[in-house]
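To start, the structure itself, in structure tokens.
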Amino acid sequence: MYAELQASSNFSFLRGASHPQELASVACGYSYEAIAITDRNTLSGIVLAHSHLKKAKAKTRLIVGARLDLANGSSLLCYPTDRAAYGRLTRLLTLGRRRAEKGECLLTLQDVEEYAEGQHFIFPCPEVLSDAVRQQIKTCACKFHGSFHLALTHRFRGDDQRSIHAIADFAYSLGVPVVATNDVLYHDLGRKVLQDVVTCIREKCTLAEAGFRLDANAERHLKPIREMAQLFAAWPHALKATIEIADRCSFSLDELRYEYPEEIAEPGLTPFEDL
């Protein structure tokens, strides 16, 4: 059993290279327990993924989430566990959008803490475990105790075992649980070409000029459960944690209904009597 908890769609503008429904379809085909769409500072992609899974009557469940890019630190993956927490997350994103120019979002760790009730957080696997990153992980572990995991992700750059061991050891030293993610940007490896193109658009360069700004491989796609199990054979508890988090984050978009505002009328007046 496996749930992918870090997948960006094309609603992560100029980063993700697949539609939400494409990600949901492949996750369903691989019999994932769940998939989380975690676009950057937006919930825009979750409706399409949810609708696809519902129409397909899939056993794979959608987990609502978002990647929060912070002005004063690294990003955090945020997942509302219930209806009230979903409302807080939407208000948090609205706050960040109102502060910034169109298309941007300005959030700080302090903002996230204010709206943290009912949320579960994952710190994305750091590429470099610098002193600044270590300090932010420590801070988050303290602020979000009991609702915080550190992600382990294979980068396929030749030093994965060493780097993942270092990150896992640091997490254990803090008492922070770890969880496996694949940091997905596209549903199928064939979409890597498009992902390279949107990266060049974002970086304002040509493919010939892009160099190390492009991912070194085409591994940021959804993978079969068996392959994920092989990759994380040394960390089975990190795979198990994906299911534990998926079970905890039980909020569904099916819970949302239109809420008619309460009418305010003077005592003794019938509707429209005051017109």
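Does at least one position in segment 18-29 carry a residue that is touching a Leu at 6+ places or on another chain (Cβ under 9 Å), farther than 30 Å from ALA132 by Cβ, assigned to a loop (DSSP other than H, G, I, E, B) and open to solvent by less than 10 Å² (accessible area, probe 1.4 Å)? Checking segment 18-29: at least one residue is touching a Leu at 6+ places or on another chain (Cβ under 9 Å), farther than 30 Å from ALA132 by Cβ, assigned to a loop (DSSP other than H, G, I, E, B) and open to solvent by less than 10 Å² (accessible area, probe 1.4 Å).
Filter segment 109-123 down to residues that are of a type in the set (A, V, I, L, M, F, W, C), open to solvent by less than 10 Å² (accessible area, probe 1.4 Å) and without any contact (Cβ under 8 Å) to a residue 60 or more places away in the chain and give me whichever is farthest from LEU76 (Cα to Cα). Only one residue fits best here, namely VAL112. Name the residues in segment 228-250 that are of a type in the set (Gly, Ala, Ser), out of contact with any strand residue (DSSP E or B) (no Cβ under 7 Å at 6 or more places or on another chain) and under 18 Å from GLY118 (Cα atoms), would you? Residue satisfying the conditions is SER250 alone. Of the residues making up segment 62-81, those that are without any contact (Cβ under 8 Å) to a residue 40 or more places away in the chain and surrounded by 15 or more Cβ atoms within 10 Å (Cβ to Cβ) are ALA66, ASP69.
Residues are listed down the side, and each one gets a yes or a no for (1) hydroxyl-bearing (Ser, Thr, Tyr); (2) more than 22 Å from ILE245 (Cβ to Cβ):
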residue: ALA166; (1), (2): no, yes
residue: THR181; (1), (2): yes, no
residue: LEU185; (1), (2): no, no
residue: LYS192; (1), (2): no, yes
residue: GLN195; (1), (2): no, yes
residue: ILE201; (1), (2): no, yes
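Of all residues assigned to segment 32-55, at least one qualifies as being touching a helix residue (DSSP H, G or I) at 6+ places or on another chain (Cβ under 7 Å), among the small types (Gly, Ala, Ser), part of a strand (DSSP E or B) and modelled with pLDDT of 95 or more.
Would you confirm whether any residue within segment 158-178 is part of a strand (DSSP E or B), in contact (Cβ under 8 Å) with a residue 12 or more places away in the chain and among the aromatic types (Phe, Trp, Tyr)? Checking segment 158-178: not a single residue is part of a strand (DSSP E or B), in contact (Cβ under 8 Å) with a residue 12 or more places away in the chain and among the aromatic types (Phe, Trp, Tyr).
Mind counting the residues in segment 82-98 that are open to solvent by less than 20 Å² (accessible area, probe 1.4 Å) and more than 10 Å from ALA116 (Cα to Cα)? Number satisfying all stated conditions: 3. Restricted to segment 161-210, and to residues there that are hydroxyl-bearing (Ser, Thr, Tyr) and touching a strand residue (DSSP E or B) at 6+ places or on another chain (Cβ under 9 Å), the residue that is most open to solvent (accessible area, probe 1.4 Å) is TYR172. Within segment 1-10, the set of residues being part of a loop (DSSP other than H, G, I, E, B) and out of contact with any helix residue (DSSP H, G or I) (no Cβ under 7 Å at 6 or more places or on another chain) comprises SER8, ASN10.
The values are calculated or read from the model by the stated rules, or taken from the named source; none is laboratory data. Source: prediction; values computed, not measured. Counting neighbours? That spans all protein chains shown, and the Cβs are built from the backbone with ideal geometry, glycine included. Just so you know, the surface numbers come from the protein's heavy atoms only, side chains and all, with ligands and any DNA or RNA stripped out. Shrake-Rupley method; radii C 1.70, N 1.55, O 1.52, S 1.80 Å.
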